[in-house]
Amino acid sequence: MHAIVAIKQVPDTSNVRINPETGTLIREGVPAIINPYDAHAVELAVRLKRQFGGKVTVITMGPPKASEALVECAEQGADRGILISDRKFSAADTLATSYVLARTIEALMAEGPVDLLLFGKQAIDGDTAQVGPGVATRLGLPLISYAVGVESFDPIARTGVVHRRTERGIEVLQTTLPALLTVEKEIAAIERAPLADVIRAAQYTPEVWSASEPVAFDVAKIGIKGSPTIVGKAYTPPPKKAGAAVKVAEKGVASTVTEALAKVKAAGVVKI
Amino acid sequence: MSERTHTPLSPEVQATLPNVNVDDLLASIKYYVDEDYAHLWIKDQAVCLKCADKPCLAFCPVAVYKVDRQGHTMVGYQACVECGSCRVGCPYHNIAWTLPRGGNGVAYKFG
Amino acid sequence: MSDTKRIWVLIEQEEGKAHPVSWELLGAAQRLAAELPGAVVEGVLLGDGVEGIAAEAYRYGATKVYLIDDPVLNVYRNAPYAYGIANLVKKYTPEIFLVGATTLGRDLASAIATRVATGLTADCTELAIDPDKHILAATRPTFGGNLMATILCKTQRPQMATVRPRVLPSPTPAETGAGELVREPLGMTEADVAVKLLKVIPTDSGEQVDIEYADVIVAGGRGLGAPEGFKLLEELAELLGGVVGASRAVVDAGWINVSRQIGQTGKTVRPKLFIAAGISGAIQHRVGITGSDFILAINSDPNAPIFSVADYGIVGDLYEVLPELINQIKAQRAGHGAPEVAHA
Amino acid sequence: MPEKLTFDAIVVGAGPAGISAAIVMARSGLKVMLIERGRFAGSKNFFGGVLYTHALADVLPDYWERKPPFERPVTEQGYWFLSPDSVMRVMHKSQHYQKDPAESYTALRSGFDAWFAQQAVSHGALLITKTTVVDGIRDAKGRVIGVRTDRPDGDVYAPIVIVSEGVNNLLTQKLGLMKADLPPRLIALSVKEYIGLPAKEVETRFNLSGAKEGMAIDIFGDATLGLPGTAFLYTDKQGISIGVGLLLEEFVHHKLKPYEVLARFKNHPVIKPYLAGGETLEYGAHLIPEFGYDRMPDLAADGVLVAGDAAGMVDALHREGTNLAMTAGRLAGETAVEAHKRNDFSAGFLKGYRQQLESSFVLKDLKQYRRMTDFLDSTPHFMSTYVNYLNDAALRYFSAHGLPKRDMEDNIIKMLFQRRSFFGVARDMLKLLQGMRG
C-alpha cells in the first residue's frame, strides 16, 4: 500500500494578529503548525500502513521552513517527505497549487502504484477547501471530500468504503482505488509516536524539489503567473458591535423571550 | 535558622491592589491542552478541607485552584503555566504535581 | 460572440428540493447584473427529474435555466456533476458563476474551476462589481476571520465564487415567473462513475456531535450556580439539535467534562447559534466564540462583557429565562404541527 | 521487541544549561540526545531578562556570526527606587556599553532558546522535542544508565545523563540528588507581561537613539509593596518586558495574587506612562530558585550531572541565571567528554565538575551571596523602609523650604532615625554588607 498525503504548514490562526495598517499577518509570535486536518490525514495513512504494510509519502509546497512540518509527519510515521519549494511558486492560488501537487503526484505514481491520496478538508489559514478537489480533478481520480471514516479498504481488490459528512447526514460511499480523500479530524485520532520514530524523524532530512528538478513544471502554470486570482485588498474586519440587550426586569420574562426568539429567527441561522 | 516573621500588610496597602480578572490575561497565552491527562491533582481533599488559609487560591499566577460549594479544591489544570508555585507553596504538600505529557501544556510565544 | 454577459447561479438541489442559498444567489446575481452592462441572470440545474425546480428559479429572477436531467445525477457525486457543468461553461462561456458555499457547492465548484482552469474565490460573504474594472470583487474572511480579503479574477472566465449561505438576503419570489429552459445532455453513463452511494446515515441518530462541529451550542457558566443547571441547558440543546458547552469556571469547578470547555484553554467553536447562559465572558472565553453566526447571551449582570459580543442579550435570571425559552419553542412547534418526517 | 536506544550522552531539558552541554559534547563527537518536553526549545521558558554574552562566547565562540535573536543591547542599566508616589533613579549609561557584540542583551526566550538549540543541532546533537522525561533508569548498583520518557517504548540509555530540567527539578529529586523540595522562602515567583509597542515608541519613551540601544532596570520598593522582591522593566525591540518577583513565601503568607501585584505596579504613576497604549502580548509566570550555595543539590553522582536552575544556579542579587547555566552546562559537557575518554562515569570522577564550578564565577558568586536570601528573609522591612526614605530624603533635598541647608541636612538624617533606630540601621547595613561580601 502506498498513500500520499499532501499537507500545508500554516500559522496557528487561533493566535493570529493582523497589522491593522497594512492588513498583513504579523508572523512574530505566531506558531507555525501542520494544518490540523492534514495531521489527521497523516495519521490515517500511517494506520493503514500498519494494517496493510507499504509506505506513506508526505508532500508539501511551501517555503524552506515548511520542511519542519515534514519532519513532524515523519515522527507520526511517514516514510518519505518531499518539500516542493522555489521562489517561482510564490503567490500561488489554489489553481496553481493544485497543478504543482498533481504533477508531483504523477511523478510519484510513475515510480510505482499509489492507492490513496489524502488531504485535510481545508487549510485553516485560507479555508478554501479547493486544493484537494482540484488535484483529484486534474488526476481524474474519484474524490470523496469531508471524509470522517474509512469503513473498509482493500488495496488488493482496489476498492474502499468511506464515510463522508454532508449537511443531510453521513454518506456511505464506495470507490475504486486510487481515490482522493479530503478528511475531517474524526478520520483518525492522533496517537503519541514511539520514541524510536521520533529519533528517526529528528535525523531525517526531507527531499527538496524545485520548480525545475526533478519535475520541470510549466512556468506558465505556477506561482503568480499560473494564478487567475489575486488579492485586491485586505483589511481587518470592523469590530463586532454589541447587539441590543433587553432587561427582563423591564419587559417581563415572556415578552423578552418572545423578542429574543424573533431575533434568532430573523437571523435565519437555525430552524426554531 | 528561624522561621520567618511577617509584618502584616496594612489595610491601606491592601486596598491599593486592583481587581484583576486573570481570565483576561490567559487570552494571551498559547496552550495545547491535553484533554486526556490532568497533570495536577489534589492528593487528599480532607487535607484541603482542614486548610483554613487556602493560599493556593491566591498565589497561583493563573488561578488554577478554585473551591466548590462543598469546600473541595478544584484544579483547572488546563490553564496551568507549569511554574511550580503550588508544588512548593502548598503548606501541606497536598498537590500532586507532574509535568504535562510531552508537547502539551503552555507554549510561550515570546517567553 | 455577443456582448451578453451571463451571470450564472447554481441551483443546488438534493432529493428534488432546492437549497435556499440558490435563491440568495439569484438575488445577489440580479444586484450584480444592475452594475454590469449587458448582464443576464441565468440558472444551472442538474439532477434526475428536477425540471420542476426551474419554474421556481424563474420566480426568483432567472431568465433562463440550463438543465441536465439524467438518472446518473440522481444523487450528488462530484465527477458527473463537475463534468456536466464544465461542459456547459465551455459551451456558453458565462462571465460570472456563483455557487453556494455548502458542502456540495464547495466540493463541486473546486472541480469545475479546475476543469475550466479559472479562478474561484471560496466562502465569500460579500459580492460587488469593481466600478473601475467591471469585474467581480468577491470578499471573504480569512485567517480564522481575522482578516477580510477582496479577491479579483482578472483574465480567466468565468469568475467563480462560492458564497456562504445566509449572509446575503433572500429575495421575495415573484408570484409567477417564466424563462427559457435549455436542456443539455450529460454525456456520461453510470459505468463512468467510480464512486457509488451505498446509503445515507442521518446525523441526528443519537450520536453526540463533537462541540467543534456543532451547529447549535448552549453553554453555561458560573451563573448557573450549581451543576444541576446543566440539565436545563441539555434540555434546550436537545430541543435545538445542539450540544452543551461550558466556560472555564464551571469546568474547573468539576460540573462538566473538560471536553466541553470553550475558549483559549479549551476549544474554538463556530456554531450557527451560540447561547451563553450565565457566562460573564472573559476575553479568553470570547476569543473561542467569535466565529459564531449568532450569539444570544443571558446574564443577570447588565455589565457582563459577554454582551459586547452578543447579537442579542437578555438581562435576567437564567432560571426564569431558560424555562420560558424552552416553553415558547415547544409551543411554537406544537402550533406548526409535528416536524416533517422524511419518507424512506 | 523494540531496539534498545543508546546514546553517548543524554541531556534532559533544552534550556541554556542543557543546550550548552549538548553543544560541547556534540562538538567533541559524542552522540548526544537532547530531550525537550516543550513543542520546541524555549516554549516552556519565560524570563524577564538579560543574557550575558561572555558565557555564550565560551560555549559558542562564533555565536555572533550565527545571528542570535537578541532584542536590544543593554546600553543603560541601573535601579529605580519607587516610593508610592516618587522614584529615585540610579542609572548608568556609558560609551563602554556601545559595542558589537555588547556585554549583554535583552531577549525573549522562546525565540532565543529555539535558536540556541538549533546551534546544538548544527553541531550534531539530536534534539527530541515534545517528549517528557518521567524518571531515570538505574542499574543494580544504583548508577544512572538512562532515562524513561513518556513516549511509547520510551526508554533511552547512555553512560552519562546531564540533568538541566529547570527549577522544577523532579528528576533531580527522583535521582536522590536533592532530598526534598525547599521551602517557599528560598524560591521566588516572578510574573511578567510582554507588552507590544512600536520600536519608535520604545525608543522615544526610554530616550534611546535607535535599535542599538536598550535599557535594563531593576526596581525596588513600592513595586513589591515594600516586601522582599524585585520588579523589572526591560526594553525589547518592539515592546517592553515588565514584571515583578517576590519570594513565594510572601505570596503564600499574605495571600497575594501575583497578577494583582503586577497590575498595581503597572498602574504606578511613574510606570504607567511608559506602558500607555501598549498591548499585552503575553503573560506568564516562572519560579526562580534562590536556594543559595548551602542548599544546592549534589551536582554529580554515578552517571549523572546537574546544571542550571535545577541546581539552583541563580544569582538573584545580580539577576543572573542564564550565564551561570550556560557556564555550568559547558563544564558539565566538558566533564562528560573527559569521562568518555577515560571511560569512567563514576561519581568519583564526575565530582571534578563541581571543582571546576568552584573555581569559576558560578560557585564563587553563589558562595559570596550565600546569605542574601537569608538577609532578605530576616530583613523583610528593608525594601519599604529605605526605599521610601530615599525618596522622602530626595524630596526634602530638592525642595526649597527657605531653610538653611545645614538644617535641611540634619532634617534628612533625623528622618531616617525616626523610621528605624540607629542600631537598627547599623544592624541592617552590617547584614547587607555580610550578604554582599559573603
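The values are calculated or read from the model by the stated rules, or taken from the named source; none is laboratory data. Small disclaimer: the values here were computed from a predicted structure and weren't measured. A quick note on method: Cβ atoms are made from the backbone with ideal geometry, for glycine too, and the neighbour counts reach across all protein chains shown. With ligands, DNA and RNA removed, areas are computed over all heavy atoms of the protein, side chains included. Shrake-Rupley method; radii C 1.70, N 1.55, O 1.52, S 1.80 Å.
If you take just the helices (runs of 4 or more DSSP H) that sit entirely in segment B:16-111, which of them hold at least 1 residues that are open to solvent by less than 10 Å² (accessible area, probe 1.4 Å)? Don't jump to the end; show me each part of the working.
Numbers: elements: B:22-26, B:45-50, B:56-59, B:85-89.
Helices (runs of 4 or more DSSP H) meeting the threshold: B:22-26, B:56-59, B:85-89.
Do you know which of the residues in segment C:62-76 that are surrounded by fewer than 23 Cβ atoms within 10 Å (Cβ to Cβ) and under 16 Å from C:Val99 (Cα atoms) is nearest to the other protein chains (Cβ to nearest Cβ)?
Of the residues in segment C:62-76, the ones surrounded by fewer than 23 Cβ atoms within 10 Å (Cβ to Cβ) are C:63-64, C:67, C:69-76.
Going one step further and asking which of them are under 16 Å from C:Val99 (Cα atoms), we end up with C:67, C:76.
Working: C:Leu67: 22, C:Tyr76: 8 Å.
Only one residue fits best here, namely C:Tyr76.
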Qualifying positions in segment C:38-61 - free of Cβ contacts under 8 Å to residues at least 60 places away in the same chain and either open to solvent by 50 Å² or more (accessible area, probe 1.4 Å) or polar (S, T, N, Q) (or both): C:Asp48, C:Gly49, C:Gly52
If the requirement is being out of contact with any Asp or Glu (no Cβ under 7 Å at 6 or more places or on another chain), over 20 Å from D:Val134 (Cα atoms), within 12 Å of chain D (Cβ to nearest Cβ) and of a type in the set (A, V, I, L, M, F, W, C), which of these qualifies: B:Ala107, B:Ala79, B:Ala96? B:Ala79
Evaluate segment D:68-84: report whether one residue or more is open to solvent by 50 Å² or more (accessible area, probe 1.4 Å), within 14 Å of chain B (Cβ to nearest Cβ) and either under 22 Å from D:Ala339 (Cβ atoms) or modelled with pLDDT under 95 (or both). yes
Give just the number: which of (1) within 12 Å of chain B (Cβ to nearest Cβ); (2) more than 23 Å from C:Arg164 (Cα to Cα); (3) surrounded by fewer than 24 Cβ atoms within 10 Å (Cβ to Cβ) does C:Ile279 not satisfy? (3)
Within segment A:250-272, how many residues turn out to be modelled with pLDDT under 90 and touching a strand residue (DSSP E or B) at 6+ places or on another chain (Cβ under 7 Å)? 3
Residue within segment C:161-171 that is touching a residue at least 24 places away in the same chain (Cβ under 8 Å) and more than 27 Å from A:Ala266 (Cα to Cα) present: no
Does segment A:197-206 contain any residue that is open to solvent by less than 60 Å² (accessible area, probe 1.4 Å), at the interface with another protein chain (Cβ under 8 Å from one of its Cβ atoms) and in a loop (DSSP other than H, G, I, E, B)? no
If A:Ser227 meets every condition in (1) within 30 Å of A:Tyr146 (Cβ to Cβ); (2) assigned to a loop (DSSP other than H, G, I, E, B); (3) open to solvent by 50 Å² or more (accessible area, probe 1.4 Å); (4) facing chain C (nearest Cβ under 10 Å) apart from one, which number is that one? (3)
Please state which one of D:Tyr194, D:Tyr234, D:Tyr259 is at the interface with chain B (Cβ under 9 Å from one of its Cβ atoms), part of a strand (DSSP E or B) and under 23 Å from the mean Cα position of the chain (by Cα). D:Tyr194
Residues that are open to solvent by 20 Å² or more (accessible area, probe 1.4 Å), in a loop (DSSP other than H, G, I, E, B), closer than 18 Å to A:Ala147 by Cβ and not aliphatic (A, V, I, L, M), drawn from segment A:1-48: A:Lys8
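Identify, from the list D:Met436, D:Met429, the residue that is closer than 21 Å to D:Tyr79 by Cα, of a type in the set (A, V, I, L, M), without any contact (Cβ under 8 Å) to a residue 12 or more places away in the chain and surrounded by fewer than 19 Cβ atoms within 10 Å (Cβ to Cβ).
Details: D:Met436 fails: without any contact (Cβ under 8 Å) to a residue 12 or more places away in the chain.
One residue alone meets the criteria, D:Met429.
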For the list (1) under 30 Å from D:Tyr97 (Cβ atoms); (2) over 23 Å from the mean Cα position of the chain (by Cα); (3) in a helix (DSSP H, G or I), I need the number of the one condition that D:Arg264 fails. (1)
Take the residues in segment A:250-272 that are more than 7 Å from chain C (Cβ to nearest Cβ) and more than 23 Å from C:Leu168 (Cβ to Cβ), then tell me which one is surrounded by the fewest Cβ atoms within 10 Å (Cβ to Cβ). A:Glu250
Quick one: would you say D:Gly111 is under 25 Å from D:Val387 (Cβ atoms) and in contact (Cβ under 8 Å) with a residue 40 or more places away in the chain? no
Subset of segment A:26-51 [touching a strand residue (DSSP E or B) at 6+ places or on another chain (Cβ under 8 Å) and within 14 Å of chain B (Cβ to nearest Cβ)]: A:Ile26, A:Arg27, A:Gly29, A:Val30, A:Pro31, A:Ala32, A:Ile33, A:Ile34, A:Pro36, A:Ala39
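Is there a residue in segment C:229-248 that is surrounded by fewer than 19 Cβ atoms within 10 Å (Cβ to Cβ), free of Cβ contacts under 8 Å to residues at least 60 places away in the same chain and within 14 Å of chain B (Cβ to nearest Cβ)? Explain how you work it out, then say what you get.
Step one: filter segment C:229-248 for residues surrounded by fewer than 19 Cβ atoms within 10 Å (Cβ to Cβ), giving C:231, C:234-235, C:238-239, C:241.
Those still in the list that are free of Cβ contacts under 8 Å to residues at least 60 places away in the same chain too: C:231, C:234, C:238, C:241.
Restricting the remaining residues to those that are within 14 Å of chain B (Cβ to nearest Cβ) gives none.
There is no residue in segment C:229-248 that is surrounded by fewer than 19 Cβ atoms within 10 Å (Cβ to Cβ), free of Cβ contacts under 8 Å to residues at least 60 places away in the same chain and within 14 Å of chain B (Cβ to nearest Cβ).
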Given the structure, is D:Glu203 surrounded by fewer than 20 Cβ atoms within 10 Å (Cβ to Cβ), among the charged types (D, E, K, R) and either outside any strand (DSSP E or B) or away from chain B (no Cβ under 14 Å) (or both)? yes
Mind checking whether some residue in segment D:257-279 is modelled with pLDDT under 95, open to solvent by 20 Å² or more (accessible area, probe 1.4 Å) and either closer than 30 Å to D:Pro198 by Cβ or touching a strand residue (DSSP E or B) at 6+ places or on another chain (Cβ under 9 Å) (or both)? yes
Looking at segment D:352-377 only, could you name the residues that are open to solvent by 60 Å² or more (accessible area, probe 1.4 Å) and in contact (Cβ under 8 Å) with a residue 24 or more places away in the chain? D:Arg354, D:Gln356, D:Lys367, D:Arg370, D:Arg371
Heads up, the strands (runs of 3 or more DSSP E) in segment C:115-211 (entirely inside) with at least 2 residues that are within 30 Å of A:Lys240 (Cα to Cα) and open to solvent by 20 Å² or more (accessible area, probe 1.4 Å) are C:126-129, C:147-153
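Per-residue answers, yes or no, for (1) outside any loop (DSSP other than H, G, I, E, B); (2) over 28 Å from D:Pro273 (Cβ atoms); (3) open to solvent by less than 50 Å² (accessible area, probe 1.4 Å); (4) touching a helix residue (DSSP H, G or I) at 6+ places or on another chain (Cβ under 6 Å):
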| site | (1), (2), (3), (4) |
| --- | --- |
| D:Met91 | yes, no, no, no |
| D:Tyr105 | yes, no, yes, no |
| D:Phe116 | yes, yes, yes, yes |
| D:Gly166 | no, yes, yes, yes |
